[in-house]
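Asker: Shown below is the structure under consideration.
Values quoted throughout were computed directly from the atomic coordinates according to the rules given, and no laboratory measurement underlies them. Because the structure is a prediction, the values reported are computed rather than measured. Please note: Cβ atoms are built from the backbone with ideal geometry, for glycine as well, and neighbour counts cover all protein chains shown.
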Number of protein chains: 2
Amino acid sequence: MCESNVYLTTPNTLEEDAELYLEAVDLVLPEGEDCWRLISIFGEQKIINGRIKSMSLVNHRILFERV
Amino acid sequence: MCESNVYLTTPNTLEEDAELYLEAVDLVLPEGEDCWRLISIFGEQKIINGRIKSMSLVNHRILFERV
């Protein structure tokens, strides 16, 4: 399966220290300005406020930065 | 491999009619306001101007809408 883990960081945090926000995300849908709905393959939903900083799909990693 | 195909649509186009913009995308990186760098697993790079409308990683599909 090709879901990704979503991590959240802040402008002053090293990328390696980003917190895991939601695992096994399938759907990423915009909800508004810098606001996204994440839905995992297990049906878990979370709203994340931030900007996408990087996505590496092969590494199953999406990094958001808090705004 | 968990790369995705990137599609581009316009506000007045049906999602099914979105054009394939770049295949087998691994990296999606912000380049500025509504501007993203796409890098495929083959190293091909393309800039896309638009907003992310939806991502379904399990379906290997990222949809951008032109702005």
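Asker: Of the conditions (1) within 20 Å of residue A:5 (Cβ to Cβ); (2) touching a Cys at 6+ places or on another chain (Cβ under 8 Å); (3) hydrophobic (A, V, I, L, M, F, W, C), residue B:47 satisfies every one except a single condition; which number is it?
Answerer: Of everything listed in (1) within 20 Å of residue A:5 (Cβ to Cβ); (2) touching a Cys at 6+ places or on another chain (Cβ under 8 Å); (3) hydrophobic (A, V, I, L, M, F, W, C), residue B:47 misses just condition (1).
Asker: Sticking with this one: Give me the residue from the range A:19-40 that is within 12 Å of chain B (Cβ to nearest Cβ) and under 18 Å from residue A:1 (Cβ atoms) and, out of that set, surrounded by the most Cβ atoms within 10 Å (Cβ to Cβ).
Answerer: A:25
Asker: Scanning for something among the hydrophobic types (A, V, I, L, M, F, W, C), in a loop (DSSP other than H, G, I, E, B) and closer than 15 Å to residue A:28 by Cβ, does the range B:42-64 turn up at least one residue?
Answerer: Taking every residue of the range B:42-64 in turn, at least one turns out to be among the hydrophobic types (A, V, I, L, M, F, W, C), in a loop (DSSP other than H, G, I, E, B) and closer than 15 Å to residue A:28 by Cβ.
Asker: Still on this structure, please answer the following. Within the range A:23-41, track down each residue that is in a strand (DSSP E or B) and farther than 18 Å from residue A:67 by Cα.
Answerer: Answer for the range A:23-41, where residues must be in a strand (DSSP E or B) and farther than 18 Å from residue A:67 by Cα: A:23, A:24, A:25, A:26, A:27, A:39, A:40.
Asker: May I pose another question? Restricting to the range A:1-18, name every residue that is more than 14 Å from every other protein chain (Cβ to nearest Cβ), in a loop (DSSP other than H, G, I, E, B) and under 25 Å from residue B:60 (Cβ atoms).
Answerer: If the condition is that a residue be more than 14 Å from every other protein chain (Cβ to nearest Cβ), in a loop (DSSP other than H, G, I, E, B) and under 25 Å from residue B:60 (Cβ atoms), then A:18 is the only one that fits.
Asker: For the range B:41-67, how many residues are surrounded by 18 or more Cβ atoms within 10 Å (Cβ to Cβ), within 18 Å of residue A:54 (Cβ to Cβ) and at the interface with chain A (Cβ under 10 Å from one of its Cβ atoms)?
Answerer: Residues meeting the conditions: 4.
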